[in-house]
Amino acid sequence: MASSGTARVEHFQLVDGMQLKINVSGSLNGPNVRIELRLKNCTRAWILHWGFVNHGNPNWFIPSEQSPGSKSYKQGALQTPFTKSGEFYVVNMELRGPKFHAIEFVLKDSCCNRWLKLNNGNFRVDLPEHDESTIHPSLSKDLIERKAYQIWESKGRPTSTPHQQKRDYDDAVRELQSQLAKGISLNELQSSCMSTSTKTLTDNRGHSRCALPPSYRRRHDVDQWLHKHSVGHAKSTNMPFSALMDLVERTNGGDKVISRQSYHVGNYEIVAPPSDMLPERSRLLNGACQTYFAEILTGKGSFQLVDINLQQRNFFGIQFMIWTGGSWIKNNGANFSVLLKSINPNGKVDGDGKEIVKWLLDEIYRREKEAERSLMHRFNIATELTERCKFEGESGLIGILVWLRFMACRHLTWNKNYNVKPREISEAQDKFTNLLQKIYVNQPNDGEIVRLIMLCVGRGGQGDVGQRIRDEILVLQALLNYVRCGFRIDVYWQTLNANGLTKEKLASYDRPIVSEPHFNTHAKEGLIRDLTMYLKTLKAVHSGADLESAIETCLGPSCKSDFTNVERVNSLDGLSQKLRESLNFIRANVADANVASLMEKLLESRIELHPVLLTSTGRAKDLLFLDLALDSAVRTTMERGLKDISFDHLPDIMCYISFVLENLCLSIVNNEDLIYCTKGWYLVCESYKSNDVQWALQAKSILDRVQLILADRSQNYQKKIQPSVQYLGNLLGIKKWVIDIFTEELIRAGSAAILSTLINRFDPILRKIANLGCWQVISPVEVCGFVTSVHELITIQNKVYGKPTVIIANRVTGEEEIPDGVVAVLTPNMPDILSHVSIRARNSKVCFAACFDQNILRNLKLKEGKAISISMKSMNLIISDVDGSNLSLNSSISTSIPRAVTLKRKLFCGKYAISLEEFTAEMVGAKSCNIKFLRERVPSWIKIPISVALTFGAFETILLEDINKDIASRISCFYKSVLGGDLTKLRAIQDTYELKSKMRSSRIPWPGDEGEERWNRAWQAIKKIVKGLGETLVGAYPGRSMSFITRKSNLKFPIVTGYPSKNIGLYSKQSIIFRSDSNGEDLEGYAGAGLYDSALMDEEEKVILDYSSDRLMVDKAFQTSIFSKIAEAGKIIEGLCGCPQDIEGVVKDGVIYVVQARPQF
């Protein structure tokens, strides 16, 4: 029978009162699915226009067996008419053994050409995934998969296709059912599968102990984990926010808006306003004022307003909340705040302009003497300060994090001869962590920092072996082992030494341990009982995120507990059965050599926990600590299993990368980029082909993008956290080396570090398969310097170079400092992208790259003492010899124009603006002339955008007018810089009729027709001077673009040479681009492209890219078609121009647009 869990009902409200109801249910045949679509309040017949879709592929597919009455539509969709059934119109489908993940559809009016869509997109019905284990209710999926694992192992662990994986799974079901029929109990089967699998893994020494069964390779709906930074929205109006603001300003005569931004303000006294300045309909309450909004009606809409006249009073700012419909509207759980004065250095900024909450850090320093008395005092103070700084947002929480991490790493005193009971510490900790959990729920944008704080409070340390934070627990564990093993002192020392604790370290404590234990042997049982109880107390206080104690808190103690006379911990209600089973498996197998099974269960548990973490249930804090423990366990389990993983079996490595990617997605906020990488990685895993170049290129592009994201997050941590570390660390007298590596250690202790390690190990394999280049660029910076070769970077890290130096280092471990004066480090090693030296290089703008070609390194070493330049091309290094006579630390690359190039000044032609038909070399530059040349000659399928131009000399001529003398003078003063000035007085050309008439006659929409604001934006774009905007428009963001090659003799077979790894795409509504076209670009022997800027009239939107559903990535036929068109267009243009061309263009809806062509230099 079908699982009852497959039944689902969806409702949609359509036009004209129509309603659509969709019933999805499993059929009696197991894997089949029934779908009923029912239209209510329908007055005429409609047609269902539909098709199947798969994960990651937006294209529609039609089934081989078509539903009765259905007709194929252009071989890409089916059309099925609704039939009358009583008061409804109905379509019924039965999908037999569906291979697809969803159906998509729109509705077509059979009487006219009218289509109904869902928010301008398709309706979608997800099909329930068929689960074989539902046909065999007595068999758990975990048991079937373990049996399938045994079958796969018995075949020698071959690389299995999806079909072979399915066959192994079916064989496992049949074999288990057969054994049940013979009378073997389910418990015996489970025990057999567990022990046999473990034995096979132990005995099979020729293979990795961490190999994964094919059934483990699955994908999750990661879109459900998406978390973006939430942004406040204007409510109670159907108008866009900007339109609302314009309406408010115009209605109230507000043409001089000081600020539209809301701010967080901190340590200031909040007082009620004086009675003589209260707005209308206001009343004073206890310490606050209550004011009713006034309704404002206009011809263009309505809004509500509170008008507060401050009467030039000396207030710092205003805080407020909004009451509506019986509830409060707040700003992420805090008050809305409006700043009325600029922030001074005593508020939230240090001397370098980096954001810190200075008052909070100063208060922490003042209270440290009290905090060091005991952990109880520290946690109570932390609670108080966290409450006080809740309006400071993330910056305030970062201050708390830095302080508590200094404490957790034992750089601050825990207890200064103060008697405190563990219960009192636990109560103070409980109060603090309850507050943190509330912040986690109410301020989701700050969730990542809250998690880091809770790790400091829960575990009290960095989580790595040998750190002093766990020393107390380790000493107690050593005592327990000593007693249990018959008071053997060697066992005591073995336990301590194995965890990095020596006699010297024990003697260095605040309360030194200098003697060995000598207990009475008759007290063995009592000692074991008491020490075990005390160990549990220590873990409860200091190891809140410890995996064992976290699971026990949520599930209750294991039946395998070492003692029975303990008070049972109440387990949490409401946990799903799947979560309970996964946690029990983890608890039983946490030390299992087969880390693959453990990794899967750790991830399954986190996925089950994810939806409930942001709830406010009574014990949500315990679930959050459990999630922290699971997150940490994924990292430590992967680190433990890394030494046994065989990188010869790539599907296993891909699966482990999936595990760690998923884990990171679940651990961070603002994870949109990593979500899309994970979806793309799923596609790569499913399309794996051994030694396939295209597969390797696609895999490499996704991992390159992940590395870029990790590097960006690392730099963001440095920028946000390190300023507070520097300020507070110096106040508290923390050692300099601790301050310097604080943020780096924080990064490396997180989930991202092990992912970076896996990618780092996998990258050379992909490079080899894909036949890629020899450079791995970690910090892309273009520099010039003198070559110096060294054996190890660490040997010269304290040296100071007086001239720009390029270091060729045979060995770089990742822990070194980069010497002063070094502008580049090149090495045959491949340090981790999150290593110390990698972070230092990026922060210091030092070129850092690994070279995989020994011949290149050998030739570089032969240039000892000579000057070279390093430039970038497609993330590879281009190295050239240069004249070093003028090199200094202040200038590393010469940008002078060659003397042979002369620029001829063009004269004003008498026209300010001209249409494309009027373009000549005397009036416009080569870029415009090339566009005119191509527009007259290319085939009609190659589109050339319409253009108009402002002619040479137009601005200079306008500046000679008397009205513009002041502007001309200012431009002359700022001529050598590109900062520009206030050009608002350049009225002559703005007011002229000429540009307007030329644009309209060329069928280009005139911006002024859409209102004054649109024309102001266009005018701003015409006169804009912004460094880098040209690069922005062509996507000069980190990462690779998609690239291909094809033979001119056969354009129909393009070969992809690189897949995209850029994270950001720039998008704009239909607009106009204003671009440069000077007489100083594209001269023979001098390529000046990029020296001048282009500007978009409307501000472009940065969008994080999802390639996993991009048709160019997932539809090979479409990809080949587009690339062939591009190649053909390039060949035609090259033929017309008579030489190779640098062509820029756009593909939209399959149509090729060429926006620029110039000779290659």
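Points to keep in mind about this one:
- Just one residue in the set L907, L959 is surrounded by 16 or more Cβ atoms within 10 Å (Cβ to Cβ), modelled with pLDDT of 80 or more and farther than 24 Å from V1155 by Cα; that residue is L959.
- If the condition is being outside any helix (DSSP H, G or I) and at negative phi, then the range 715-753 contributes I734, K735, A749, G750.
- If the condition is being assigned to a loop (DSSP other than H, G, I, E, B) and either modelled with pLDDT of 70 or more or hydroxyl-bearing (S, T, Y) (or both), then the range 103-138 contributes S110, C111, C112, N113, K117, N119, N120, N122, L127, P128, S138.
- Among all positions in the range 567-582, there is at least one residue which is in a helix (DSSP H, G or I), modelled with pLDDT of 80 or more and touching a Lys or Arg at 6+ places or on another chain (Cβ under 7 Å).
- Test: residue in the range 695-707 that is assigned to a helix (DSSP H, G or I), among the hydrophobic types (A, V, I, L, M, F, W, C) and over 23 Å from R767 (Cβ atoms): no
- If you check K354, K358, K348 for being of a type outside the set (A, V, I, L, M), modelled with pLDDT under 80 and in contact with a strand residue (DSSP E or B) (Cβ under 9 Å, 6 or more places away or on another chain), only one passes: K348.
- Failed item in (1) at pLDDT 85 or above; (2) open to solvent by 40 Å² or more (accessible area, probe 1.4 Å), with S4 passing the rest: (1)
- Residue list for the range 1113-1154, restricted to those being open to solvent by less than 40 Å² (accessible area, probe 1.4 Å), more than 17 Å from R1047 (Cα to Cα) and more than 31 Å from the chain's Cα centre (by Cα): I1152, V1154
- Breaking point among (1) open to solvent by less than 50 Å² (accessible area, probe 1.4 Å); (2) in contact (Cβ under 8 Å) with a residue 60 or more places away in the chain; (3) touching a helix residue (DSSP H, G or I) at 6+ places or on another chain (Cβ under 7 Å), for V706: (2)
- Residues that are of a type in the set (G, A, S) and either in a loop (DSSP other than H, G, I, E, B) or without any contact (Cβ under 8 Å) to a residue 40 or more places away in the chain (or both) were ranked within the range 1113-1161; the one that is nearest to W941 (Cα to Cα) is G1150.
- Of the residues making up the range 1098-1112, those that are part of a loop (DSSP other than H, G, I, E, B) and surrounded by 15 or more Cβ atoms within 10 Å (Cβ to Cβ) are D1098, E1100, L1105, D1106, D1110.
- Those residues of the range 630-665 which are among the β-branched types (V, I, T) and outside any helix (DSSP H, G or I), in sequence order: I645
Quick grid of which residues meet (1) crowded, with 20+ Cβ neighbours inside 10 Å; (2) in a strand (DSSP E or B); (3) under 24 Å from the mean Cα position of the chain (by Cα); (4) in contact (Cβ under 8 Å) with a residue 12 or more places away in the chain:
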position	(1), (2), (3), (4)
R767	no, no, no, yes
T805	yes, yes, no, yes
E817	no, no, no, yes
G821	no, yes, no, yes
A824	yes, yes, no, yes
R858	no, no, no, no
I870	yes, yes, no, yes
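- Residue match in the range 1049-1070 (condition: of a type in the set (D, E, K, R), touching a strand residue (DSSP E or B) at 6+ places or on another chain (Cβ under 9 Å), modelled with pLDDT under 85 and crowded, with 17+ Cβ neighbours inside 10 Å): no
- If the condition is being in contact with a Leu (Cβ under 7 Å, 6 or more places away or on another chain) and among the polar types (S, T, N, Q), then the range 758-772 contributes no residue at all.
- Total residues in the range 533-548, condition modelled with pLDDT of 70 or more and surrounded by 19 or more Cβ atoms within 10 Å (Cβ to Cβ): 2
- Condition check for A523: among the small types (G, A, S), open to solvent by 20 Å² or more (accessible area, probe 1.4 Å), modelled with pLDDT of 80 or more and over 43 Å from the mean Cα position of the chain (by Cα): yes
- Selection of the range 794-803 for residues being open to solvent by 60 Å² or more (accessible area, probe 1.4 Å) and closer than 21 Å to I879 by Cβ yields only K803.
- Criterion: among the charged types (D, E, K, R) and either assigned to a loop (DSSP other than H, G, I, E, B) or crowded, with 23+ Cβ neighbours inside 10 Å (or both) - qualifying residue of D592, D627, D622: D592
- Of the residues I425, I400, I473, I469, the single one that is open to solvent by less than 30 Å² (accessible area, probe 1.4 Å) and modelled with pLDDT of 90 or more is I400.
The values are calculated or read from the model by the stated rules, or taken from the named source; none is laboratory data. Fair warning: this is a prediction, and the values are worked out from it, not measured in the lab. Glycine gets a Cβ as well: all are built from the backbone with ideal geometry, and neighbour counts include every protein chain shown. Each accessible area value is taken on the protein alone, full model and side chains, heavy atoms only, with ligands, DNA and RNA left out. Shrake-Rupley method; radii C 1.70, N 1.55, O 1.52, S 1.80 Å.
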